[in-house]
Amino acid sequence: MTQQGAVLQGYNNELVKCIEDLCMQKEELNKQIQQAEEEKSKLQHEIQVLSEQLECVCENLAQKVASRNELDKILAETEAAYMKILDSSRTLLTVLKKEVGSLKHSPDLKTN
């Protein structure tokens, strides 16, 4: 019976060692979990900050695009009006040259 007691004590010692090993593994895993949770929290904060920055950049970009579109519209309207002025000037010049030419051939015009 003493031999069985010794075998049982050996099993018990092995079982206690296994339980201690599992407890150490659990503690190590708990440390890793804590580190991962801290990293997760840090990354979530960085994401929040970056999201806010992105929102500001997007709003600023939208305002600049709207301003550029307005400038494009004004520029197109101005160029169209300028082209009308050029056409009118060319027409006026053509008419004026024609009138001056017909005056030169008019018998009423006396030259000294």
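The values are calculated or read from the model by the stated rules, or taken from the named source; none is laboratory data. This structure is a prediction, so every number in the text was calculated from the model and none was measured. Quick note on the areas: whole protein, heavy atoms, side chains included, nothing else; ligands and nucleic acids left out. Shrake-Rupley method; radii C 1.70, N 1.55, O 1.52, S 1.80 Å.
In this structure, does residue 23 turn out to be among the hydrophobic types (A, V, I, L, M, F, W, C), more than 24 Å from the chain's Cα centre (by Cα) and open to solvent by less than 100 Å² (accessible area, probe 1.4 Å)?
Numbers: among the hydrophobic types (A, V, I, L, M, F, W, C): yes; more than 24 Å from the chain's Cα centre (by Cα): yes; open to solvent by less than 100 Å² (accessible area, probe 1.4 Å): yes.
Criteria met by residue 23.
May I ask you to say which residue of 109, 103, 71 is of a type in the set (A, V, I, L, M) and modelled with pLDDT of 95 or more?
71
For residue 15, are the conditions met, namely being open to solvent by 80 Å² or more (accessible area, probe 1.4 Å), over 51 Å from the mean Cα position of the chain (by Cα) and at pLDDT 95 or above?
Working: open to solvent by 80 Å² or more (accessible area, probe 1.4 Å): yes; over 51 Å from the mean Cα position of the chain (by Cα): yes; at pLDDT 95 or above: yes.
When the stated conditions are applied, residue 15 passes them.
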